[in-house]
Every structure is written in structure tokens, then in C-alpha cells.
Amino acid sequence: MLALPAFQVMLKPRGAICNLDCSYCYFLSKARLYPDSAFRMSEAVLENFTRQYIAAQTAPEVMFAWQGGEPTLMGFDFFRRAVELQQKYVKPGTRVANTLQTNATTLDDAWCEFFRAHDFLLGVSLDGPRAQHDAYRVDPRGAPTFDRVRRGIELLERHRVEFNILTTVHAANAASPLAVYRFLRDEIGARFIQFIPIVERDNATGFQEGARVTARSVTGKQYGDFLIAIFDEWVRRDVGRVFVQIFDVALGVWLGQRAALCVFAETCGDALALEHNGDLFACDHFVEPRFKLGNLADTPLAALVGSAPQRKFGADKRDTLPRACRECSVRFICNGGCPKDRLRVTRDGEPGLNYLCDGFKAFFAHIDRPMKMMAELIRREHPPAEIVFVLAREQAALEQEIARAGRNDPCPCGSGKKFKQCHGSHR
Ligand code: SF4
Ligand code: SF4
């Protein structure tokens with residue numbers, strides 16, 4: 001039998017059940033797949049999965065990624081048992097780690113003590129300052145959740161539980177990148193941040209079908225501008241202090257490594273999703289009947305992960321790229337993005353272009369030079385954070401040249417325009 005690639009499974013112990021009702025949530029509608037279910041992972045499913053998952057992994061660390069819905073709604077005893085089972089089946093020389101994505105509104109001292117005691121890394125969903133966050137992150141009565149999330153974060157800090165922030169980028173916060181970033185950095189004290197674009201299909205099924213998106217979705221241009229604005233601030237002052245997932249992943253690729261995020265990898269298929277009843281799906285974003293691989297009670301996990309349909313699902317990401325992507329100058333990092341967002345046609349009429357293409361192209365072109373500079377620093381065994389000083393020196397030199405430039409000189413910034421039409425236009 002062929003060795004399986006390293007793979008991860010997102011675990012949905014309560015399926016799509018959540019105490020909130022965020023308007024853009026792609027998962028709440030999945031409850032319709034199980035009309036009579038109580039949405040609680042049984043101990044039998046938990047143990048069966050834990051045993052097989054640990055046995056199938058070859059890496060020294062086995063990661064359990066708990067998601068929802070809201071996974072803490074399973075209650076304490078479930079997670080206590082999950083940790084016991086992990087210890088029962090862990091192989092010598094292997095470490096088990098847990099991550100848990102939460103809206104943070106259910107947390108209390110007892111949860112935090114548990115997370116701290118068992119080294120859970122939490123991901124907290126927070127979309128920026130109050131107005132941007134509350135635009136879509138509401139409870140079932142439509143009430144805002146910002147204060148409850150902040151209380152949850154304060155508890156995590158008090159108990160010294162490690163957490164990162166997951167911020168979705170959508171119509172309500174895309175226009176305020178620096179307000180969002182500075183809030184997370186300065187008021188929340190976040191050191192690890194993910195910016196996830198909302199591209200939400202506008203259909204009745206909740207599946208990845210149809211080409212219309214909701215008004216809550218971010219456009220490609222907005223997403224690109226959002227990332228560029230934050231990158232420009234980050235690269236001039238925060239490298240080495242604040243870790244923004246997409247910047248880190250990009251740096252790895254500029255260093256010649258494989259993208260550490262499925263969205264930008266050449267192929268996918270190694271990030272699956274397990275529903276509460278043992279049904280395994282190709283990906284968290286494709287929990288749909290046609291992407292169901294089988295159930296753990298009937299087929300071993302390794303067979304499902306290595307199955308032909310799942311390998312095809314992963315390879316299709318590369319094999320269905322339109323020509324525009326295959327010939328694109330930033331394909332080496334973009335790889336066409338996530339298949340769930342490939343709902344546009346190219347200029348030549350080919351399907352499969354990413355809805356966010358304009359943003360990806362602009363962002364990856366924009367960061368090319370600083371990424372090359374940081375990659376070079378790392379190759380010379382310098383910390384990449386030195387770029388902050390290099391760029392500050394460049395900026396100071398540019399300002400001196402600008403101060404000396406004559407109206408009809410070429411602009412010192414290198415735009416190719418006359419000074420009077422560029423940086424000198426305000427003189
Ligand atoms: S479909 Fe998208 S989210 Fe799922 S594994 Fe592939 S790239 Fe990742
Ligand atoms: S930037 Fe656009 S054209 Fe280039 S690889 Fe990405 S999605 Fe394809």
C-alpha cells in the first residue's frame with residue numbers, strides 16, 4: 001500500500017450547531033444534511049477516529065483540529081475524554097496537539113483552565129473593531145457579539161491560553177484595513193492573525209454551486225487592497241513581532257518551500273472534514289453529498305483519505321487550472337487559489353478563474369521585492385525583521401532626494417513620471 005501523504009482532519013463534534021448566527025457562516029446550513037440528528041459525536045466515533053488518525057500519521061506531531069459550528073457546545077466531558085483517548089493511542093515519540101476554533105462567547109474560567117492544562121491553541125473569530133465585527137457576527141436574536149468576544153479573549157489572556165485571531169474580510173471591514181489591523185495588534189494584542197476572505201455563494205443549497213455571490217462577499221480588488229495596506233504597515237514595523245498567516249506562507253514560498261496553506265498549494269485534498277456521525281468529506285468547504293467519501297464505521301480512515309475520489313479532488317485543483325492561471329506570473333504562489341472560489345470565467349471564456357484573482361495578482365506582485373529581500377536575509381542567516389531597518393533607510397534616502405528634486409526632473413521614486421506630476425505635485 002502507498003504511504004499516505006500527511007493529512008489533517010477538521011473535526012465537527014457538534015456538526016453545524018452554534019450559539020451564534022453569523023450571517024456569512026458557510027457551515028450553519030450543513031445542519032440540513034442531518035435532519036434527525038442530535039448533532040453530538042458519540043464516544044464510539046471519537047475513539048474510532050482517534051485510534052485510526054494517530055495510527056495513520058507519520059509526522060512526529062499529530063494535530064487534532066476542533067471546529068464547528070461551535071465545538072465548545074459539546075461540553076467539557078467530551079474534550080476531557082478526547083484528551084484521554086489521545087493519550088491512550090499516542091505512539092511513542094509522537095506528540096499530540098489540539099487546536100480549537102471558537103467564537104469565544106462560551107468561554108469561562110473552567111474552559112480556560114482546561115485549555116491551558118492541555119496546551120490547546122485557540123483560534124478566536126473577531127472581525128475587527130466593534131462596528132466591523134458586529135456587522136455580521138450576531139447571535140440568533142440578531143444581537144451584537146463584540147462585547148462577549150472581548151470578554152472571552154480577556155479570559156484567555158488571564159489564564160495564559162495561547163490564541164490566534166481569525167478575521168474574515170468582507171464588505172463591512174474591507175475598506176478599513178489599517179483600522180482592523182491596528183485594533184487587533186494594539187488593542188487586542190494579537191500576535192498571530194489570519195485574514196480569510198468571505199466569498200459566499202448566493203444560492204439556496206449552501207453548496208459550492210452557482211456563480212452569484214452575496215453582497216457580504218469581499219471583491220478581489222477589495223481583498224488585494226486590504227492585504228496591501230496591512231502588508232505595507234507590517235513590513236515597515238512589525239516583522240518578527242506580529243505574524244500574519246498569508247505573509248508567512250508567502251515568505252515560505254519565496255524561500256522555495258511548498259505553500260504551508262492548502263489555498264496556495266499546487267494540489268489539495270489533505271485537509272478533510274469529519275462530521276459528528278463519522279461521515280468523512282473531501283474538505284471543510286465541501287461538506288456536500290457529492291464530496292462525501294464514506295463513513296468511518298464502514299471504511300478505514302486511511303482508505304478513505306487515500307481513495308481515488310479524494311486523490312482526484314486534490315489533483316483537480318492543479319489539473320483544472322485555466323490557461324490564464326497556468327501562464328500567470330504569480331502562479332508559483334497563487335496556484336489559482338481555493339477551488340471553492342473559482343467561479344469566474346477568464347477573458348478567453350475558460351471557466352475556473354478565482355473570484356479573487358484581481359486581488360491575488362495585485363497583492364503578490366506588490367510584495368515581490370520585500371519578499372525577495374526577506375528571503376535573502378534568511379538565506380544569509382539574518383532575521384527577516386532586519387527589513388524594517390533597510391526600508392527605513394531607503395525611505396530616508398528617498399525623502400532627501402525628493403527634497404532636492406527639481407520640478408522637471410524624473411521623480412526619485414522611480415515611477416517614470418516627472419517630479420511635478422508625481423511626488424512633487426503638491427509643491
Ligand atoms: S478546496 Fe480549498 S480549502 Fe479545501 S483543501 Fe482545497 S484549497 Fe484547501
Ligand atoms: S493571480 Fe489570478 S490568474 Fe494568477 S494564478 Fe492566481 S487566480 Fe490565476
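Of 350, 386, which residue is of a type outside the set (S, T, N, Q), within 21 Å of residue 243 (Cβ to Cβ) and without any contact (Cβ under 8 Å) to a residue 60 or more places away in the chain? Step through it out loud before you land on a result.
Working: 350 fails: within 21 Å of residue 243 (Cβ to Cβ).
Being of a type outside the set (S, T, N, Q), within 21 Å of residue 243 (Cβ to Cβ) and without any contact (Cβ under 8 Å) to a residue 60 or more places away in the chain holds for just one of 350, 386, which is 386.
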Q. Within region 215-259, can you find the residues that are more than 16 Å from residue 198 (Cβ to Cβ) and of a type in the set (Phe, Trp, Tyr)?
A. 231, 234, 243, 247, 254
Q. When you scan region 334-369, how many residues do you find that are surrounded by fewer than 17 Cβ atoms within 10 Å (Cβ to Cβ), more than 9 Å from ligand 2 (Cβ to nearest atom) and farther than 26 Å from residue 255 by Cα?
A. 6
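One residue is enough: does region 378-388 have a residue meeting the conditions in a helix (DSSP H, G or I), in contact with a helix residue (DSSP H, G or I) (Cβ under 7 Å, 6 or more places away or on another chain) and not β-branched (Val, Ile, Thr)?
Scanning region 378-388, I find at least one residue that is in a helix (DSSP H, G or I), in contact with a helix residue (DSSP H, G or I) (Cβ under 7 Å, 6 or more places away or on another chain) and not β-branched (Val, Ile, Thr), so the answer is yes.
Among the strands (runs of 3 or more DSSP E) confined wholly to region 240-306, which include 1 or more residues that are under 22 Å from residue 200 (Cα atoms), over 21 Å from the mean Cα position of the chain (by Cα) and within 16 Å of ligand 2 (Cβ to nearest atom)? Can you show your working first?
On the way: elements: 271-274, 279-281, 292-295.
Filter on region 240-306 gives an empty set.
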**Q.** Candidate set: region 395-427, residues that are part of a helix (DSSP H, G or I) and among the aliphatic types (A, V, I, L, M); chosen: the one nearest to residue 233 (Cα to Cα)
**A.** 396
Q: Residues being without any contact (Cβ under 8 Å) to a residue 60 or more places away in the chain and farther than 16 Å from residue 276 by Cα: count how many of those fall in region 21-50.
A: 1
Q) Would it be correct to say that residue 375 is more than 30 Å from residue 9 (Cβ to Cβ), within 15 Å of ligand 2 (Cβ to nearest atom) and touching a helix residue (DSSP H, G or I) at 6+ places or on another chain (Cβ under 6 Å)? A) no
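Readers should treat all values here as calculations from the given coordinates under stated rules, not as data from a laboratory. It should be emphasised that the depicted structure is a prediction, and the values quoted were computed from it without experimental measurement. Heads up, the Cβs are rebuilt from the backbone with ideal geometry, glycines too, and the neighbour counts pull from every protein chain shown.
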